[in-house]
Amino acid sequence: MPRQDHATHTAKERRNQRRISRLNRRGSLTRPPHTFPSIEVARRGAESFSMFEKLTEAPDPYILVLMSFGVLIALVAWLPLALRRLPLSLPIVCIGLGVILGAMPWFDFAPSPLDHPEFTERFAEFVVIIALMGAGLKIDRAFGFRSWMTTWRLIFLTLPLGIALIALLAGTWLALPWAIALLLGAALAPTDPVLASDVQVGPPKTGEEDEVRFALTSEAGVNDGAAFPFVHLAIALAASAMTGEPWLGEWLAHNVLWEIGAGILVGYLIGRLFGWITFRIPAETKLVKTGDGLIALSATFVSYGVTETMHCYGFLSVFVTALTFRRASHSHEFHKSMHDLTEQIERISMMVLLLLFGGALMHGLLAPLQLADVVAAVLILLVIRPLTGLIALAGSHSSWHERLTISFFGIRGIGSFYYLAYGLNHIEDASLAPRLWAIVGLVVLLSIFMHGLSVTPIMRKLDRVQGRDPDAEDAVPPPGFQGPASGDR
């Protein structure tokens, strides 16, 4: 081959090699054979459709739970401040979110206390004991029979009268068996320490403790334990109706004398023990120096666990432990750390439980209701509680405005769920359980909305009547507030 032709051929080969390299880099030569542009477009369209399917398919429930829990924690932090001046409460928002979750067709959220009775009892129990510890820690007023006279009126008059009237209403108007009617009365008469935070005293040493707030806080703390003997009485009557065995002697000796007395004593001793460990042991090992509010959670569980192991009333014990723990060093700043932690845990657990409640409402919890049940629920909230409250407070030193406020805010909530779940789990005949849950669910729902919508305007008006500006950052403590007792360290 002539030299010129050879050079021309070599140059063509080099150009061809460069062209092949460029095509390889673009991927043109790796395309499968017989792949035409129309087929390539169809393939890319199928990939896009598959991506659209993935974006629109139902999300993983686990991811939804994580996301919901994150939103829940944000609501716990933000909503109380946002709702401070609005006629709306955090529990109302929680129930609304639960209803929304229950309405989602691709999210299986249909909780029911009838399907999970043990879980319902235990979860409600957990929320209540956390709330009781928080309530006891934030009461500034020193314990005393005279200084707590309003509380004793509500416990020894309002509570038993409420139980009796609700049981009478359920046994006659609702035609329930008398043992079941008594259980309903014992579940619905006590006020709730969890959902009543908007009418309770403020954190330790804030000065937000007028007579109304103190009465509602202390009543909710004590009556959750004081109602337990009546729950056991209902269980004993139901068992006696089936077996014919005597019940009065054992009920008085064990459920009344032993469980109340030992519960108070154990709570007091554990409170003294934790107070001594936290505030009194040598300075270099004082737990108070850690600033860790988890010690309040420890005291809650130890008090409840020891008391329940001795078959006594753990609710009563936890509240007494909190009061005693607070008195160990009444004015110490560490109490605020403990209270803040318990309040955060209480809010999160309360919101979870109310989400479940909202989901249960969406899936027929109230379906067994009869017209008579609805009338009874309204009477319990608007007649029985206000009437028994005013009877108990007759002749007290409180003003009429204070008496009416205390009598009206008989908030029902998580404690009612617990008592009903506990009673039904210890009564063999559960045939009336759906109707009982519907009645209690309706009373709690009405209470949350009625009290939740009215609490802000009523309590703000109360503050103004007592000479406080509810909008002021440095509001003057209300009348009746007692500062740190002398001798506190």
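The values are calculated or read from the model by the stated rules, or taken from the named source; none is laboratory data. Computed from a predicted structure; not experimentally measured. FYI the Cβ positions are ideal-geometry reconstructions off the backbone, even for glycines, and counts take in every protein chain you see. For accessibility, only protein heavy atoms count, side chains too; no ligands or nucleic acids. Shrake-Rupley method; radii C 1.70, N 1.55, O 1.52, S 1.80 Å.
Things worth noting here:
- Set side by side, the residues G225, G263, G293, G267 differ, and just one is among the small types (G, A, S), in contact with a Leu (Cβ under 6 Å, 6 or more places away or on another chain) and modelled with pLDDT of 90 or more, which is G263.
- Here Y419 meets each of (1) touching a Leu at 6+ places or on another chain (Cβ under 9 Å); (2) without any contact (Cβ under 8 Å) to a residue 60 or more places away in the chain with one exception, condition (2).
- Checking each residue in the stretch 183-228 for being open to solvent by 10 Å² or more (accessible area, probe 1.4 Å), among the acidic types (D, E) and part of a loop (DSSP other than H, G, I, E, B) picks out only E208.
- Residues of the stretch 163-216 classified as of a type in the set (S, T, Y), within 19 Å of the chain's Cα centre (by Cα) and over 18 Å from F230 (Cβ atoms), total: 1
- Candidate set: the stretch 222-277, residues that are aromatic (F, W, Y) and touching a residue at least 40 places away in the same chain (Cβ under 8 Å); chosen: the one farthest from E121 (Cα to Cα): W276
- Among the residues of the stretch 432-462, those identified as at pLDDT below 90 and of a type in the set (S, T, N, Q) are S454, T456.
- First in the stretch 137-154 and closer than 21 Å to H332 by Cα, second anywhere and modelled with pLDDT of 85 or more and of a type in the set (S, T, Y), Cβ under 7 Å, 6 or more apart: L137/T342; I139/T217; I139/S218; R141/S147
Each row is one residue, and each column tells you yes or no for (1) farther than 30 Å from A372 by Cβ; (2) within 18 Å of the chain's Cα centre (by Cα).
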site	(1), (2)
L75	yes, yes
P91	no, yes
F107	yes, no
P111	no, yes
P117	no, yes
R141	yes, no
W148	yes, no
F156	yes, no
L161	no, no
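- Restricted to the stretch 406-419, and to residues there that are over 16 Å from the mean Cα position of the chain (by Cα) and surrounded by 24 or more Cβ atoms within 10 Å (Cβ to Cβ), the residue that is nearest to A241 (Cα to Cα) is G410.
- Where Y422 falls short, out of the listed (1) more than 26 Å from the chain's Cα centre (by Cα); (2) among the hydroxyl-bearing types (S, T, Y); (3) open to solvent by 30 Å² or more (accessible area, probe 1.4 Å): (1)
- Candidate set: the stretch 91-123, residues that are outside any helix (DSSP H, G or I) and at pLDDT 85 or above; chosen: the one surrounded by the most Cβ atoms within 10 Å (Cβ to Cβ): P113
- Any pair with Cβ under 8 angstrom, 6 or more apart, that starts in the stretch 174-185 at a residue that is farther than 18 Å from F417 by Cβ and ends at one that is open to solvent by less than 20 Å² (accessible area, probe 1.4 Å) and not aliphatic (A, V, I, L, M): L174/D373; P177/G171; W178/G171; A181/G171
- The number of residues in the stretch 319-354 being open to solvent by less than 40 Å² (accessible area, probe 1.4 Å) and either outside any helix (DSSP H, G or I) or among the polar types (S, T, N, Q) (or both) comes to 7.
- A single entry from I439, I380, I458 fulfils the requirement of being touching a helix residue (DSSP H, G or I) at 6+ places or on another chain (Cβ under 7 Å), in a helix (DSSP H, G or I) and over 28 Å from F126 (Cβ atoms): I458.
- Check on A475, over 26 Å from the mean Cα position of the chain (by Cα), surrounded by 13 or more Cβ atoms within 10 Å (Cβ to Cβ) and modelled with pLDDT under 85: yes
- Among the conditions (1) outside any loop (DSSP other than H, G, I, E, B); (2) open to solvent by less than 20 Å² (accessible area, probe 1.4 Å); (3) among the charged types (D, E, K, R), R403 misses just one, which is (2).
- Residue check for V231: open to solvent by less than 10 Å² (accessible area, probe 1.4 Å), of a type in the set (V, I, T) and either within 23 Å of the chain's Cα centre (by Cα) or modelled with pLDDT under 95 (or both): yes
- Under the condition of being in contact (Cβ under 8 Å) with a residue 40 or more places away in the chain and either closer than 15 Å to K461 by Cα or in a loop (DSSP other than H, G, I, E, B) (or both), the residues counted in the stretch 390-400 number 2.
- Within the stretch 301-317, the set of residues being closer than 14 Å to E259 by Cβ and assigned to a helix (DSSP H, G or I) comprises Y304, V306, T307, E308, T309, G314, F315, L316, S317.
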